[in-house]
Amino acid sequence: MLSPRQLFLLNTAQTSPSPRLLEIESAEGMYLYDYDGNSYMDLVSGFAVSNTGHRHPKVVQAIKDQVDKYLHLTVYGEFIQSPQVKFAGKLSSILPDSLSSVYFVNSGAEATEGAMKLAKRFTGRSEIIAFKNSYHGSTQGALSVMGNEHYKQAYRPLLPGIRFIEFNNPFDLDLISTDTAAVIMETIQGEAGVRVPDFNYMQSLKKRCNETGTLLILDEIQTGFGRTGKLFAFEHFGISPDILLLAKGMGGGMPIGAFISSNKIMSVLKENPILGHITTFGGHPVSCAAGLANLDVIIEENLFKDVASKESLFRECLQHPEIKEIRGMGLMLCIQLSSFEQVENVSRRCVENGIIIDWFLHCDTAMRIAPPLIITDNEIHKACATIIEALDFYRAG
Ligand code: PLP
């Protein structure tokens, strides 16, 4: 008889030659538990998903309540489903007035796809400008705006009309023209190894988009829902997008995404032709109920209030000669080391010692720190001590 590990490798499609292969029995708050009774502190939040922790009781209750009422009823956009209406209403109440129309989808990549179509349709233009080292998802449209040839070349041809500019370089902004439908940007680049743009750069970018009639799409799929110390990272820069992309931390652990814009812009999807973007499961009622409960928790428990002081504590505790730099904002941090081998060794040792840590798609010489926002100061001390021990161990070794 095959073991769960063998069955996983045999029957579950694999995405890399070296999966982590932890088998988790349950998860709660900051921790995952395996079948041998070992606990693991989650320092990556399942890749920026579990902002309110794993299985927050209010999220779990909202899921149970909705399961008892109805699951899928019909395709998105036809019936009035109260979980969708309530969640969309809550989102638009906390966003700038121009972000009032929420299109629910199932994932981040789908939000990217929908937003790119919306921008092309609204402006009547086809060029899209994206950023070097960006990541917006793995479907073909999203892959087309990914700023890393290594992961794209085997899948060409992709979408034409995409240009790449350098992140945070004001001189490149002149490439945005009246031919450009949209600029798509992660407000803070995640997979590039957490790159924070300058305030002035963001102001100039928004100005240039306004001058040329180009829509600004901000991808807050990693940065949203309190991760950077504000509900959305664009709030740090005194601007707002024409189209906002959300997913990951949106559903409290359930799959959901959205692209959000004004009613005026969004209205082009409903005519000439009708059904400009459609989805069967987008805005699933259980995911919307979970998402609303999750957002209520973030706001009511003021989960983003202490994010800046938790960032400072991480920076204070993570002092080590092997750490070249700590980049990022709030609880979206990156520890820059020297090589992929070092990152692999240190993260493996951290996992062995009960701390889950990972690397970045476009920056494999750095380690990712993105814990649930509920992490306590004691847990930060413990996590940092484990990381420092692993750095010492491999330096000595
Ligand atoms: N955009 C950003 C900034 C992301 O980090 C990701 C996923 O890592 C995506 C989009 C794609 O989201 P999904 O994996 O839900 O398709």
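The values are calculated or read from the model by the stated rules, or taken from the named source; none is laboratory data. Note that the coordinates shown come from a computational prediction; the quantities given were computed from them, not determined experimentally. Note that we place each Cβ from the backbone using ideal geometry, even for glycine, and neighbour counts take in every protein chain shown.
Listed conditions (1) away from the ligand (no atom under 15 Å from the Cβ); (2) in contact with a Ser or Thr (Cβ under 6 Å, 6 or more places away or on another chain); (3) within 30 Å of Ser347 (Cβ to Cβ) are all met by Ile129, apart from (3).
Of all residue pairs spaced 6 or more apart or on separate chains, those with beta-carbon atoms under 9 Å, a first member in the range 209-233 that is among the β-branched types (Val, Ile, Thr) and a second member that is at pLDDT below 95 are Thr228/Phe304.
Would you mind stating whether Phe104 is more than 14 Å from Ile217 (Cβ to Cβ), within 15 Å of the ligand (Cβ to nearest atom), in the same structural domain as Thr279 (by TED's automatic domain parsing) and in a loop (DSSP other than H, G, I, E, B)? No; evaluated as a whole, the condition is false for this residue. Selection of the range 43-67 for residues being crowded, with 23+ Cβ neighbours inside 10 Å and more than 30 Å from Ser82 (Cβ to Cβ) yields only Leu43.
Residues of the range 141-155 that are touching a helix residue (DSSP H, G or I) at 6+ places or on another chain (Cβ under 7 Å), within 13 Å of the ligand (Cβ to nearest atom) and either outside any loop (DSSP other than H, G, I, E, B) or among the acidic types (Asp, Glu) (or both): Gly141, Ala142, Leu143. The residue that is nearest to the ligand (Cβ to nearest atom), among those in the range 199-236 that are closer than 16 Å to Leu173 by Cα and charged (D, E, K, R), is Lys206. Considering the range 38-94, the qualifying helices (runs of 4 or more DSSP H), each wholly inside and each with 2 or more residues that are outside the structural domain of Cys334 (by TED's automatic domain parsing), run over 57-67, 82-94.
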